[in-house]
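Working notes, beginning with the structure itself.
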Amino acid sequence: MMKSNGDNWDLPIIILHWLSAITVIGLFALGWWMVDLTYYSDWYKTAPHTHKSVGILLALLTLFRLYWIATHKRPAPLGSKAERRLSALAHKLIYLLLILLFTSGYLISTADGRGIEVFNWFTVPGLGSLIENQEDLAGDIHEWLAYILIGLAILHAVAALKHHLIDKDKTLIRMLKP
């Protein structure tokens, strides 16, 4: 089992971090683009299918990531006490937003009772409509959560750059190399 050397994150969590970041940005861009597709677009069915499939895979990856973080040693935190507290809060919010996004996406996609086909590899069963106007309500929530998550991700990136360029500490470097 790979362990953190105490100063840096271990390779699996670095890979999970950057894979998650790229996936979140890609899902946001795809979701933002696909909402304006018309019935006659060649992408009308393909884009939502891809969005849902990648979203389910990201949900599974996130659960694994949370397990990994809970069971492996973390490097010592850097920065002031206030920065460490804000960082911990931001990370908890990111995970909460992801879980709420997965849940709202699931509620949108399964309101009609059908499951979610994940790249035709497997199907996540649907529960059907649990509340009135579930698809619309979950859709509004999903959209707002996505904007909040992207805003928080931008703040996260800016904070990492601040640590690297202004504070000149290893915050960014230790998420780039084990």
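The values are calculated or read from the model by the stated rules, or taken from the named source; none is laboratory data. It should be emphasised that the depicted structure is a prediction, and the values quoted were computed from it without experimental measurement. Note that we place each Cβ from the backbone using ideal geometry, even for glycine, and neighbour counts take in every protein chain shown. Side chains included, ligands, DNA and RNA excluded: accessible areas come from the protein's heavy atoms. Shrake-Rupley method; radii C 1.70, N 1.55, O 1.52, S 1.80 Å.
Assorted remarks:
- Single residue of Ile166, Ile108, Ile154, Ile148 found to be over 30 Å from Ala82 (Cα atoms) and open to solvent by 40 Å² or more (accessible area, probe 1.4 Å): Ile108
- Qualifying position, being of a type in the set (Lys, Arg), in contact (Cβ under 8 Å) with a residue 24 or more places away in the chain, open to solvent by 60 Å² or more (accessible area, probe 1.4 Å) and within 27 Å of Thr103 (Cβ to Cβ), among Lys45, Lys52: Lys52
- Taking region 64-85 as the range and being in a helix (DSSP H, G or I) and open to solvent by 90 Å² or more (accessible area, probe 1.4 Å) as the test, the residues that pass are Phe64, Tyr67, Lys81, Arg84, Arg85.
Residue-wise test of (1) closer than 20 Å to Glu143 by Cβ; (2) of a type outside the set (Ser, Thr, Tyr).
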residue	(1), (2)
Ser53	yes, no
Ser87	no, no
Lys92	no, yes
Ser104	yes, no
Gly115	no, yes
Val124	no, yes
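- Just one of the listed residues (Leu37, Leu101) is modelled with pLDDT under 95, surrounded by 12 or more Cβ atoms within 10 Å (Cβ to Cβ) and within 28 Å of Ile131 (Cα to Cα), namely Leu37.
- Options Ala82, Ala138, Ala90, Ala111; residue that is of a type outside the set (Asp, Glu) and in contact with a His (Cβ under 7 Å, 6 or more places away or on another chain): Ala90
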